[in-house]
Amino acid sequence: MLAAAGHHTETPADVVEWAARPTSDLVLLTIAGAPQWRVLARMREARSKPPVVAVMDAASPREGLRAVRAGARSVVSRDAAPASLRLAVEATISGQSVLPAAVAGLLAAGPAADPETVPPDRIGWLSQLAAGATVARLATEAGYSERAMFRLLTRLYREMGVNNRIEAIMRARDRGWI
C-alpha cells in the first residue's frame, strides 16, 4: 500500500541498524509484544534519526501514550484504513505527529495522567519474569551481573509502589503492560 503511494519500503532484519542509515526517512513499527517494545527502546537509546510510527493492535490510550513516551512520533491502530495510514506516514515524514485523540488527551494531561511510567525495557523484564524467567537469565540477557539485576529490580519494585516480584507482575498485568 505504501509502495503503491510512491514510498520506497524495506523490511530490514535489524531495524535499529537500518534506522542508523542516513537514507532512512521513517520506521513503521508494528508493536505486537515485548520484542517490539525492546526495538523501540533500542532505537530511542541509539537516538535514531528517522521518526517512528507505532502501529498497534486496537491501541488503548495508555498503550499509545507508552509508545510516544518510548520514542514513537505517531501512533496508528493496526486496523486503520489505508488512507489513514498513508496520511500518518506522510505527516510524520514532514515533521508532524499523528495520534488518536485519547492519546493526545493523556499527553496534554501531563504526568498526573500516568504516574507509573515504566521504561519499555523494564516492562520487558516484568514480562519475562511473569513467563518464568530467572533473575540470572534476565541479567545475562540485559548485560548485567545477577547482583546488579537484583538491585535494578528492587528499585523498579519500589518505584512501582510494590514490595516484591509477584506484586510487580500483578501490577503490570493490571495496568495492561504485560
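Restricting to the range 1-51, name every residue that is within 28 Å of Gly176 (Cα to Cα), among the aliphatic types (A, V, I, L, M) and modelled with pLDDT under 80.
The answer is Ala46, and nothing else.
Quick one: how many residues across the range 52-65 are at pLDDT 85 or above and either more than 20 Å from Pro119 (Cβ to Cβ) or in the same structural domain as Glu141 (by TED's automatic domain parsing) (or both)?
The number of residues fulfilling the criteria is 2.
Does Arg66 qualify as being closer than 15 Å to Pro120 by Cβ and basic (Lys, Arg)?
Taking the combined requirement at face value, the residue satisfies it.
Is it true that some residue in the range 148-155 is touching a residue at least 12 places away in the same chain (Cβ under 8 Å), over 23 Å from Gly33 (Cα atoms), assigned by TED's automatic domain parsing to the domain that holds Arg66 and not hydroxyl-bearing (Ser, Thr, Tyr)?
No, the range 148-155 contains no residue that is touching a residue at least 12 places away in the same chain (Cβ under 8 Å), over 23 Å from Gly33 (Cα atoms), assigned by TED's automatic domain parsing to the domain that holds Arg66 and not hydroxyl-bearing (Ser, Thr, Tyr).
Surrounded by fewer than 20 Cβ atoms within 10 Å (Cβ to Cβ) and under 30 Å from Tyr157 (Cα atoms): is that true of Val103 in this structure?
Values: surrounded by fewer than 20 Cβ atoms within 10 Å (Cβ to Cβ): no; under 30 Å from Tyr157 (Cα atoms): yes.
Spelling it out, it is not the case that Val103 is surrounded by fewer than 20 Cβ atoms within 10 Å (Cβ to Cβ) and under 30 Å from Tyr157 (Cα atoms).
Quick check: is even one residue across the range 74-87 buried (at least 20 other Cβ atoms within 10 Å of the Cβ) and more than 23 Å from Ile178 (Cβ to Cβ)?
Looking for residues that are buried (at least 20 other Cβ atoms within 10 Å of the Cβ) and more than 23 Å from Ile178 (Cβ to Cβ), one finds at least one in the range 74-87, hence yes.
Looking only at the range 125-139, decide whether some residue is more than 20 Å from Glu45 (Cβ to Cβ), of a type in the set (S, T, N, Q) and touching a helix residue (DSSP H, G or I) at 6+ places or on another chain (Cβ under 8 Å). It would help to see each step written out before you state the result.
We begin by selecting, within the range 125-139, every residue more than 20 Å from Glu45 (Cβ to Cβ); these are 129-137.
From what is left, the residues that are of a type in the set (S, T, N, Q) are 134.
Cutting the leftovers down to touching a helix residue (DSSP H, G or I) at 6+ places or on another chain (Cβ under 8 Å) gives us none.
There is no residue in the range 125-139 that is more than 20 Å from Glu45 (Cβ to Cβ), of a type in the set (S, T, N, Q) and touching a helix residue (DSSP H, G or I) at 6+ places or on another chain (Cβ under 8 Å).
Enumerate the helices (runs of 4 or more DSSP H) found wholly within the range 41-131, keeping only those where 2 or more residues are free of Cβ contacts under 8 Å to residues at least 60 places away in the same chain, more than 21 Å from Ala19 (Cα to Cα) and within 15 Å of the chain's Cα centre (by Cα).
Filter on the range 41-131 gives 61-69, 120-130.
Does Ala172 count as modelled with pLDDT under 85, touching a Leu at 6+ places or on another chain (Cβ under 9 Å) and not basic (Lys, Arg)?
Numbers: modelled with pLDDT under 85: yes; touching a Leu at 6+ places or on another chain (Cβ under 9 Å): yes; not basic (Lys, Arg): yes.
The answer is yes for Ala172.
Quick one: in the range 132-160, of everything that is part of a helix (DSSP H, G or I) and among the aromatic types (Phe, Trp, Tyr), which residue is nearest to Trp177 (Cα to Cα)?
Tyr157
The values are calculated or read from the model by the stated rules, or taken from the named source; none is laboratory data. In this text, all values refer to a predicted model and were calculated from it rather than measured experimentally. No Cβ is skipped: glycine too gets one built from the backbone with ideal geometry, and neighbour counts run over all protein chains shown.
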